[in-house]
Amino acid sequence: MREAGARLALLPLRIFLGVTFVYAGLDKLTDSAFLSASGDGSIGELMRGVRDTSAVPALVDLALKAPVGFAVALAVGELLVGLGVLAGLLTRLAAAGGALISLSLWLTVSWAVTPYYYGNDLVYLVAWLPLVLAGAPYLSLDAVIRSRRSRRTA
């Protein structure tokens, strides 16, 4: 029982982060207000609102050069990261992508949140790290591929 628990320890984290990022990506892609350069609830308005309080204003300025393109890229990135982690396909790469997205959002959108532990992006960044380090060794497409490769070479 202990051995099975150890093998599956990262599965709840994979499911949570995967579902959350798939939902976040789909939510952004289906929100016409968010996918606008200006107006209430738009990515442009959000970026202009956090620019002066972010840790890296140049990152916000880059997003503001093409806010709709940035919003689509962010949403598609979240969707791909979430699907990759849920399926356990290229899990370390997907988790690194999730960590990069979370780091970018922490340094821009939630940087000024006080106290820091109220901002969720830092927590997501740290939550991605076990999956970056360990991948998805069980119940994943990575494990299936690894198993087939080892059978082929044996």
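Please compute the alpha carbon radius of gyration of the chain, then divide it by the globular-protein estimate 2.2 N^0.38 Å. Two decimals is fine. Intermediate results must be reported in sequence, preceding the final value.
Values: Rg = 17.7 Å, N = 154, 2.2 N^0.38 = 14.9 Å.
For the chain, the normalised Cα radius of gyration comes out at 1.19.
Taking all protein chains in place and a 1.4 Å probe, what share, in percent, of the accessible surface of the chain do carbon and sulfur account for? Intermediate values should be presented prior to the final figure.
Details: 6140 of 9110 Å².
Within the chain, the accessible surface is 67 percent carbon and sulfur.
In degrees, nearest 10, range 0 to 90: what is the angle between the Cα axis of helix 11-29 and the longest Cα principal axis of the chain?
Once rounded, one gets 40 degrees.
Which value, in Å² and to the nearest 10, is the accessible area of ARG146 when all protein chains are kept and the probe is 1.4 Å?
My reading of the accessible area for ARG146 is about 120 Å².
Rounded to the nearest 20 Debye, what is the dipole magnitude of segment 1-127 about its Cα centre when Lys and Arg each give +1 and Asp and Glu each give -1 at the C-beta?
Values: 8 positive and 9 negative charges, 88 e Å.
About 420 debye.
What accessible area per residue comes out for the chain, rounded to a whole number of Å², with a 1.4 Å probe? All intermediate terms of the calculation are to be shown ahead of the outcome.
Values: 9110 Å² over 154 residues.
Value for the chain: 59 Å² per residue.
Using a Gaussian network for the chain with springs between C-alpha atoms less than 10 Å apart, which of these wobbles most: GLY84, GLY119, GLY97?
GLY119
The values are calculated or read from the model by the stated rules, or taken from the named source; none is laboratory data. Keep in mind it's a predicted model, so treat the numbers as computed, not measured. Here Cβ is always computed from backbone atoms with ideal geometry, including for glycine, and neighbour counts include all displayed protein chains. Quick note on the areas: whole protein, heavy atoms, side chains included, nothing else; ligands and nucleic acids left out. Shrake-Rupley method; radii C 1.70, N 1.55, O 1.52, S 1.80 Å.
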